[in-house]
Amino acid sequence: MTGSTNADLLIRAAQSAPEGLWLRADAQDSGRGRLGRRWMSEPGNVFASTIVRLRPTDPASSTLAFVAGLAAHETLRQIAPEFAIQLKWPNDILTANGAKLCGILLERIGDAVIAGFGINLAHHPDTLDRPVSDLRSLGANPPEAQAVTEMLADNFARWLHLWRNTPLDNVLRAWDAAAHRHGSALSVHQPDGGKLDGLYVGLEPDGALRLRLADGQIRAIHAADVFLI
């Protein structure tokens with residue numbers, strides 16, 4: 001048990017912990033997601049975080065969201081290939097009908113980015129304002145959390161290598177191929193409280209979401225809470 005694997009690694013990163021260090025907890029009592037949301041962290045699911053040390057030649061650190069999303073998506077496909085899953089911008093993983101299976105939180109301190117993963121293997125919260133599910137509820141028999149975390153670490157390392165050593169477009173195209181289809185209806189809740197509805201039409205070269213509005217205008221979204229509608 002810990003408060004939060006992300007919080008623990010933020011401390012270790014400030015103390016010069018190396019890239020590639022992973023921390024997994026059986027449970028958390030202070031887990032959190034984007035925008036400060038509390039993430040239910042009972043035993044049976046994956047609660048794990050890792051450190052990335054940024055280099056001068058790396059792409060923009062914000063695009064690590066796509067690395068993390070692809071790594072988690074690939075892991076879930078490996079352990080439950082019979083179920084259709086999809087990515088939602090920037091790195092949520094959903095069932096075919098839009099229920100959330102995995103949340104990812106990236107936080108930065110100095111040259112370190114902490115990527116934290118919460119993967120619903122055995123249970124899910126029932127008090128959120130959006131559909132949520134887990135692999136067991138879908139009918140799968142997922143491996144233990146430790147085995148899933150080891151698979152996740154391998155997949156993350158591979159996507160991180162591609163992110164660093166090939167054009168960013170390779171990662172973005174792979175993400176787009178794993179996401180909901182082009183033309184999906186989205187509701188975008190912006191940090192200033194504004195809301196936009198439109199259709200997903202891909203990604204900008206920097207990873208921003210491209211949203212087609214009702215008047216045909218394409219809006220690039222760099223920060224927002226995005227919902228399938």
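The values are calculated or read from the model by the stated rules, or taken from the named source; none is laboratory data. Everything numeric here is computed off the predicted structure, so don't read it as measured data. Ideal geometry is used to build each Cβ from the backbone, glycine not excepted, and the neighbour counts take in all protein chains shown. The protein model used for the area step is the full one, side chains on, heavy atoms only, and it has no ligands, DNA or RNA in it. Shrake-Rupley method; radii C 1.70, N 1.55, O 1.52, S 1.80 Å.
Of all residues in region 111-138, which are more than 14 Å from Leu76 (Cβ to Cβ), open to solvent by less than 60 Å² (accessible area, probe 1.4 Å) and either at pLDDT 95 or above or not in a loop (DSSP other than H, G, I, E, B) (or both)? Ala112, Val113, Ile114, Ala115, Gly116, Val132 - these are the residues of region 111-138 that are more than 14 Å from Leu76 (Cβ to Cβ), open to solvent by less than 60 Å² (accessible area, probe 1.4 Å) and either at pLDDT 95 or above or not in a loop (DSSP other than H, G, I, E, B) (or both). In the set (1) touching a Phe, Trp or Tyr at 6+ places or on another chain (Cβ under 7 Å); (2) in a strand (DSSP E or B), His182 fails one condition alone, (2). Considered as a group, the residues in region 173-196 that are of a type in the set (D, E, K, R) and closer than 23 Å to Ile85 by Cα include one that is most open to solvent (accessible area, probe 1.4 Å), and that residue is Arg181.
Using the structure shown, decide if Arg108 is assigned to a helix (DSSP H, G or I), of a type in the set (D, E, K, R) and either under 16 Å from the mean Cα position of the chain (by Cα) or more than 22 Å from Leu199 (Cβ to Cβ) (or both).
So Arg108 does not fit the description; no.
How about region 71-89: which of its residues are open to solvent by 10 Å² or more (accessible area, probe 1.4 Å) and either of a type in the set (Asp, Glu) or more than 19 Å from Asp129 (Cβ to Cβ) (or both)? The answer is His73, Glu74, Arg77, Gln78, Ile79, Pro81, Glu82, Phe83, Ala84, Ile85, Gln86.
Yes or no, residue by residue, for (1) touching a Gly at 6+ places or on another chain (Cβ under 9 Å); (2) over 17 Å from Ser49 (Cα atoms); (3) in contact (Cβ under 8 Å) with a residue 60 or more places away in the chain; (4) not charged (D, E, K, R):
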residue: Gly98; (1), (2), (3), (4): no, yes, yes, yes
residue: Leu105; (1), (2), (3), (4): yes, no, yes, yes
residue: Ile114; (1), (2), (3), (4): no, no, yes, yes
residue: Leu121; (1), (2), (3), (4): yes, no, yes, yes
residue: Arg136; (1), (2), (3), (4): yes, yes, no, no
residue: Ala140; (1), (2), (3), (4): no, yes, yes, yes
residue: Gln146; (1), (2), (3), (4): no, no, yes, yes
residue: Leu168; (1), (2), (3), (4): yes, yes, yes, yes
residue: Ala174; (1), (2), (3), (4): no, yes, yes, yes
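Gly103 meets the conditions (1) at pLDDT 95 or above; (2) closer than 22 Å to Gly139 by Cα; (3) open to solvent by less than 20 Å² (accessible area, probe 1.4 Å); (4) out of contact with any Asp or Glu (no Cβ under 6 Å at 6 or more places or on another chain) in every case but one. The failed one is (1).
Return a yes/no flag: does region 35-54 have any residue that is among the charged types (D, E, K, R) and modelled with pLDDT of 95 or more. Yes, region 35-54 has at least one match.
If you check Leu152 against the conditions, is it surrounded by fewer than 19 Cβ atoms within 10 Å (Cβ to Cβ), within 27 Å of Ser61 (Cβ to Cβ) and touching a helix residue (DSSP H, G or I) at 6+ places or on another chain (Cβ under 7 Å)?
no
Among the criteria (1) under 17 Å from the mean Cα position of the chain (by Cα); (2) within 18 Å of Ala68 (Cα to Cα); (3) among the polar types (S, T, N, Q), the one Ser133 does not fulfil is (2). Are any residues in region 54-87 in a loop (DSSP other than H, G, I, E, B) and within 22 Å of Gly202 (Cα to Cα), and if so, which ones? Of everything in region 54-87, those that are in a loop (DSSP other than H, G, I, E, B) and within 22 Å of Gly202 (Cα to Cα) turn out to be Pro59, Ala60, Ala84.
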